[in-house]
1. If R0 is 25 Å, what FRET efficiency do you get for B:Phe108 and B:Ala464 from their C-beta distance, rounded to 0.05?
2. What does the accessible area per residue of the protein assembly as shown come to in Å², with a 1.4 Å probe and no ligands, DNA or RNA counted?
3. Please give the peptides A:48-55, B:745-752, B:439-446 ranked by average Cβ packing (other Cβ atoms within 10 Å per residue), highest first, as a rough proxy for protection.
4. Where does the range B:725-814 land on the Kirkwood hydrodynamic radius, alpha-carbon pairs, in angstrom?
5. Limiting things to C-alpha atoms, what are the Rg and the maximum Cα-Cα separation (Dmax) for chain B, in angstroms?
6. For chain B, give the percent of accessible area contributed by carbon and sulfur heavy atoms, probe 1.4 Å, rounded to a whole number.
7. Of B:Leu825, B:Gly298, B:Ser250, whose Cα points farthest to the positive end of the dipole of chain B (charges on the beta-carbon: +1 Lys, Arg; -1 Asp, Glu; origin at the Cα centre)?
8. First measure r as the distance between the Cβ atoms of A:Arg83 and B:Leu834, then evaluate 1/(1 + (r/R0)^6) with R0 = 56 Å and state the FRET efficiency to the nearest 0.05.
Amino acid sequence: MQPELKKGTAEVLILSLLEDRARHGYELAKLIEKRSRGVLEFHVASLYPMLYRLERRGWIEGRWLEKAGQRRRRFYKLTAAGRRALPEQRKSWREFIRAIERVAQVGNA
Amino acid sequence: MRDWKQFVREHLPPLRLSGAREQEIIDEIAQQLEDAQSEAISRGLTREQAEAHAVAQIPDWDVLAQEIRRAERPVAEEIAAQVPQGLRAAFYEENFRKRRGGKLFADFFQDLRYALRMLRKSPGFTAIAVLTLALGIGANTAIFSVVNAVLLQQIPFPDSGRVMILHRDQGGSIPYSEFRDLQTQNQSFDPIALWRRDSFNLTGSGDTERVPVRMISADFFSILGVQPLAGRMFRADEDRQGATPGALLSEGLWRRKFAGDANILGKNISLSGHDYTIIGIMPELKYFSKSDVYLAIGQWAEPSFYRRGYGFGTIALGRLKPGVSLVQARADLNRIANNLATAYPKEDTGLKFSAVSLRESSVGGLQQTLLLLFGAVGFVLLITCVNVANLLLARANSRKREIAVRMAMGAGRLRMIRQLLTETVLLATLGGACGLLLAMWGTRAILAVAPEGLVASGGAASDARVLIFTLLISMLTGIFFGILPALKTSRPDLQKTLKEGGRGSSGGHRRVQSLLIVSEVALAMVLLVGAGLMIRSLNRIWAVDPGFDPHNLLTFSISLSPTKATNGPKTRAMYSQLLNGLDALPGVESAAVNFGNLPLTGDSDIPFWREDRKRPNSENQMPDAMWYAVSPEYISVMKIPLLRGRFFTSRDIEAAPAVAVIDEKMARKLFPNEDPLGKQLHLTFFEEAVQIVGIVGDVKHNGLAASADDETQFQLYMPFRQIPDALMPILGNNVSTVLRTSLPPLQLASAVRQEVKAVDQQQVMYGENTMDKILEGSLAFRRFSMLLMEVFAALALVLACVGIYGVISYLAGQRTHEIGIRMALGAEPRHVLLLVLSRGMLLQLLGVGAGIAIGLPLMRLLSSMLFDVKPTDPLTFAGVAIILFTVGLLACYIPARRASRVDPLVALRYE
């Protein structure tokens, strides 16, 4: 369950991070690290394949942009489909977390 | 700063993506590393430490590449990755199709590619199916190329459908005077022409040779629309007595004998002692029998030719006038015949003309045989179809899961049927291509054994039509044998199939396969019975006594020198001299001449009436007798038995009283309650009556199988020396000679040729043959049809056995588990053997029963080709049933024995 959990967490995280604006890969890696308070540290080896998978699925879209005084980077933004998918993803994610919590409580009782 | 792009390129294993996409990913990851390094430096790390930090971002490049590759796969492939290996193709197929949307043409190519892949995946199945189909389609193509050449080929004359062949009665000669009446009185044909065939001695340059000659009336070639290569054809005013003798040469003779001499027109050739001026060169006449020289028929100097009622092998040819139908033309011909009967009651009472199209006249007899063989070979194709359908059904089981996956992906049933049919049609087309090769070889084999008549009528032609035929039957075959399995396969119980893992065959399949086996056995039974009936017929025919001993007889024709045999006495003397010379040759027991026709070589009927009865009004009302004018040794050479009285002797010469010998049948029918010996007969050609002095056995003149004609056919012999002087030279132009020898007959031919030359340099001997060969030749068509039927039947038997073997093996294999349980519970191997055998036997019994039910009515079609055997001959039916059953049993025995040796442990574990 652990890898699944990790993967699901990261996907929802990435989508959430892209909800208000486009970001590039390095920025996403830093933000995930910060928001999860270091619990979820992403190696590049996990982040980029996940971005590509989400892109393939049509939820995010990457574009090369060159901002003034900076290097050319690939910026990802949420697509319409991704925006539609996000609440559903969040919901199922919460249900999943709740289920885990219940199991944990039962286990504790 | 390090070149990170270079670094990533060196470390990241190939992603096998498009070049641009791969570059993009390299750039992005390089950027990530660069950012990481910059950030580390900004945090105060040394350059080397920062670089190490960046490099540590990716601990395992192989894992990264693998992850990216997986992420980059299309969504469907993510799902596909969870589909078992064996079914991926089906999955991709359906997925690809769905994304692309159905376009008929593109779909077709897609189906084709998929079908090719499926066939490649099971080479054993493909090879067996293609080979089986190649046999069936090849046999059909071979027969079709004969049918094509003989029955369908264009007749090489313009508007040939309107060219009609006219006979007296059915196939009789139209006498010249009656032809002239037709010319003037008919309103249906324009123009109308007459021809007869003959052969003359061509003397002059080189050896004297016998050349085929066609005597034609002036319009012969214009009816056929044939133009001369050089010179001109006969004018109407040349087609009569007294005109300057002219001749047309065939291109072949002109090139062979005259080396294509450009200045040949106006030169003379000498035919049987008469000179003719060459007026034209004609192209080889197609469709008709070969002739080297054409003469004007109206110039023929034979007086009896012009006598009313006397036919000389003359046949008329007419082109229907525009707007006149054949029915109208026949009515017109009847009207003329009635007019002539009224005008010339003595000669023309009962006269009738017949008219048939050129094609019908030349292939009429062949048509039935060929269509019958075509039908028979069609049965072989049906069996082929059944066999391949069975193979497909067996394979369908192993493909159930594949189909189920595709249908679960949303492929409709129609889609699946289309896909499966594409596969079978592809299979059939491959079979057809191999079949075409087989057919090329098969056609050659057919022509090698085909009777001359068939080869002359066109033989076999491989043209576009044959190709189209092959393609067409391949397609149809593919659909035919594919439709049933496709229907069955595309209706799998999805849930069950996926759960079951595709094992086990449904009861439905088993029923269909059993049904196919039954029909296969039935089809084979029909073909075997057909072949059996024909074999029995031929055996019966061979058992017929021809009335003479055909072994060790050499036959040939003699043509005397026309400049020397100019009258009766000279002709008689020359033949007597020739016979003496031949008798003296070593190896010759004795020789005889026959001025009529030898048995099986033609007709020479002569009308007659009894001296003691009133002469009938016209010759048409007189009985006919086969006429043989022979030398006294004839019956001893032929070994025809003398039943009563005497045969001729050397005293029966022209000066002695005219005598005749008749056959037993004529004696019995003509003189039912009288003694024929001493009775007198009048023959129409002769002035004097002949006295019957002996009775000999019947001879099967029209062949061993011609039983129907024989009852009415009388045979009359007379001494050749008593032929009237006037007829002697013309009859002497072509005399059959037969000699009995103790050596292989054809070995004698060159010695005989020398002897013939020794009597006279200009004397020609031609057409040497043995009586055995002539007898065989008369049965050539039957033997040919029988041989092909045998081949087809053998093919059917083999295919049926392979089919039975395959299905019984398969069914037994399906029951391995059950058999294992039975044996574990104590069943003995022989019980299992019986269990499997009984299934096969039941199917075969049903098949044989169905075969009898189909065969009984179908065999009536064969009636005309049978001899002395009923189409329902119980012996043949029973014999074939036993053979088929026995061979089929053998085919069942092998899988049955295999099943009985099943190790119960293995069989159960297999589950």
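The values are calculated or read from the model by the stated rules, or taken from the named source; none is laboratory data. Values in this document were obtained by computation on a predicted structure and should not be read as measured data. Methodologically, a virtual Cβ is constructed for each residue, glycine included, from the backbone with ideal geometry; neighbour enumeration extends over all protein chains shown. SASA here: full protein model, heavy atoms, side chains in, ligands and nucleic acids out. Shrake-Rupley method; radii C 1.70, N 1.55, O 1.52, S 1.80 Å.
1. Using R0 = 25 Å, I get an efficiency of 0.55.
2. 46
3. The packing order, highest mean first, is A:48-55, B:439-446, B:745-752.
4. 18.6
5. Calculated on Cα positions, Rg and Dmax stand at 41.1, 152 Å.
6. Summing carbon and sulfur atoms, their accessible area is 59 percent of the total for chain B.
7. B:Leu825
8. 0.15
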